[in-house]
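Input: a single structure, listed below in structure tokens.
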Amino acid sequence: MVRNLKWLGAAFEAFLGIPALGGLFIISMGYTPLGFMLVFHIVVLVLSITRLKRISVGPIVGITASVLGFIPFLGMMLHWAAALALSIDALLTPREQVHMTKEDDRF
């Protein structure tokens, strides 16, 4: 599931990184795609930490792109970087997930 969400995030970020089309989409929607993607990347990061027990770089780059995405050329390049980081992260994410047992819960 986390792997699929990373691929989906990479596709969204690639769309938002298209020079004229992505910027026009973001501006025409009142910058709400950036807010949506910020929440999306936070959810993927939390799921990656809880289910896979590791911190993923892709969602962190995506969070950065969502926060700074309103800056015209920097935002475009950050969306490209996020799409690339999420794609690589999805390729390196294992298919099977680590499930916590009662012995792992020490808190």
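Projecting the Cα atoms of LEU21, SER66, HIS41 onto the dipole axis of the chain, where Lys and Arg carry +1 and Asp and Glu carry -1 at the beta carbon, places HIS41 farthest toward the positive end. With the convex hull drawn over the C-alpha atoms of segment 1-59, the volume per residue is 63 Å³. Applying both filters, DSSP loop and at most 14 other Cβ atoms within 10 Å, to the trypsin sites (Lys or Arg not before Pro) of segment 2-59 gives LYS53, ARG54.
Potential lengthening of the chain between ILE88 and PHE70 amounts to 4.0 nm, from the contour at 0.36 nm per residue minus the alpha-carbon distance. Summary value for the chain: 36 percent relative contact order, contacts being C-alpha pairs under 8 angstrom separated by 6+ residues. Derived value for the chain: Kirkwood hydrodynamic radius 14.1 Å. Basis is the mean of 1/r over every pair of different alpha-carbon atoms.
Candidate membrane-span-like segments in the chain, meaning DSSP H helices with Cα atoms spread over at least 24 Å of their own axis and a Kyte-Doolittle mean of -1.0 or above, are 32-52, 72-92, with no membrane implied.
Read the figures in this text as sums done on the coordinates, not as results from a lab. Quick caveat, the model's predicted, so the values are computed rather than measured. Positions of Cβ are generated from backbone atoms using ideal geometry, with glycine treated the same way; all protein chains shown enter the neighbour counts.
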